[in-house]
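Peer 1: Below you'll find the structure I mean.
Only the coordinates and a few stated rules stand behind these numbers; no lab work does. Note that the structure is predicted; figures quoted are calculated from it, not measured. Backbone-built Cβ (ideal geometry, glycine too); neighbour counts: all protein chains shown.
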Amino acid sequence: MTSALLETENVHLYYGEKEALKGINIDFKPNTINALIGPSGCGKSTYLRCLNRMNDLISGVKITGTFNFKGTDIYAPDVNLVTLRTEIGMVFQQPNPFPFSVYDNVAYGLRLNQHPSKTELDEKIEKALKKAAVWDEVKDDLNKNAMAFSGGQQQRICIARLLAVSPDIILLDEPTSALDPISSGEIEATLMQLKSTYTIIIVTHNLQQASRISDTTSFMLNGELIETGQTSKLFVTPDKQETSDYLNGKFG
């Protein structure tokens with residue numbers, strides 16, 4: 001068995017007095033797609049944001065538990081947040097390219113962290129856009145404002161921006177919910193290709209999407225992890241009645 005790249009144990013999160021996550025235990029192995037599913041407000045996006053400390057930006061939040069990433073506790077006081085968010089990058093629900101050229105979007109993190117030469121930059125940008133399966137659509141328009149492209153293209157430009165800095169883990173929070181079915185399909189195909197190099201963790205409301213692309217699925221309800229396991233098993237023979245009820249549309 002491959003050991004986990006990221007292990008989370010007994011994760012609790014409080015907004016003031018309100019407990020939003022209630023002892024979550026999930027591990028993520030290299031080169032897998034891991035889906036987090038559950039009804040709105042169940043805690044899956046909150047949990048996802050714990051994985052690269054995005055909840056640090058919210059006042060009054062208290063997080064306990066362990067987050068072991070490559071042998072390091074990501075909540076240790078000496079952790080560099082810029083480095084952490086390079087290694088564990090995030091793509092959001094709404095495509096959020098910066099309001100400048102495609103080239104400068106993808107170059108952004110590279111310039112911030114590495115100061116490469118123009119030749120190196122050109123190579124890394126092309127490579128990232130190819131990995132994000134959007135190179136052929138933008139290669140003649142690299143100086144065009146990224147916001148001028150379609151929603152699906154913008155989302156893949158954002159994925160390329162993340163890939164350019166060579167993360168280990170890609171976090172995606174409902175990355176296709178704002179997109180049409182064709183664009184969603186293109187993002188899914190891109191993620192399937194990226195799995196060979198990265199560990200991917202995706203929050204999705206789309207159960208068909210989770211069943212199509214993920215290796216593991218974790219079902220959350222009211223801040224608790226109800227069940228986690230191989231997607232092929234969980235969708236067909238879940239262990240818990242709540243999981244079965246959710247998958248069969250009885251609530252959610």
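Peer 1: Binning at 5 angstrom from zero up to the longest distance, how are the C-alpha pair distances of the stretch 30-147 distributed in percent?
Peer 2: Spelled out bin by bin, the stretch 30-147 gives 2, 8, 15, 18, 17, 15, 13, 8, 3, 0 percent.
Peer 1: What does the charge count near ILE182 come to, summing +1 for each Lys or Arg and -1 for each Asp or Glu among other residues with Cβ under 14 Å from its Cβ? Don't skip to the answer; put the middle values down first.
Peer 2: Details: positive: ARG156; negative: GLU137, ASP180, GLU186, GLU188.
Around ILE182, the surrounding residues sum to -3.
Peer 1: If you don't mind, another one. Of the listed pairs LYS44/LYS127; LYS44/LYS233; LYS44/LYS250, which have alpha-carbon separations greater than 22 Å here? Walk me through the numbers before you get to the answer.
Peer 2: Working: LYS44/LYS127 31 Å; LYS44/LYS233 20 Å; LYS44/LYS250 19 Å.
Checking Cα-Cα distances, LYS44/LYS127 exceed 22 Å.
Peer 1: Roughly how many whole Å is it from the C-alpha centroid of the stretch 196-252 to that of the stretch 86-101?
Peer 2: Answer, in whole Å: 25.
Peer 1: Same structure, new question: Taking only the C-alpha atoms, wrap a convex hull around the stretch 110-252 and report its volume per residue in Å³ as a whole number.
Peer 2: Numbers: hull volume 18.7 nm³, N = 143.
It is 131 Å³ per residue.
Peer 1: Compare the Cα positions of GLN241, GLY23, ILE33 along the charge dipole of the chain (+1 at Cβ of Lys, Arg; -1 at Cβ of Asp, Glu; about the Cα centre) and return the one farthest towards the positive end.
Peer 2: Toward the positive end, the furthest listed residue is ILE33.
Peer 1: Let me ask something additional. Compute the convex hull volume of the Cα atoms of the chain, divide it by the residue count, and report the result per residue in Å³ as a whole number. Display every interim value, and only then the final one.
Peer 2: Details: hull volume 32.8 nm³, N = 252.
Roughly 130 Å³ of hull volume per residue.
Peer 1: Another one. Take every DSSP beta bridge with both residues inside the stretch 6-247 and express the antiparallel ones as a percent of the total, to the nearest 5. The partial results should precede the final answer.
Peer 2: Numbers: 25 of 42 bridges.
Bridges in the stretch 6-247 are about 60 percent antiparallel.
Peer 1: Per the helix-only calculation at 222 nm, which mean residue ellipticity applies to the chain, given -39500 (n - 2.57) for every DSSP H run of n ≥ 4 and division by its residues, nearest 500 deg cm²/dmol?
Peer 2: Details: 10 runs with 91 residues, N = 252.
Rounded to the nearest 500, it is -10000 deg cm²/dmol.
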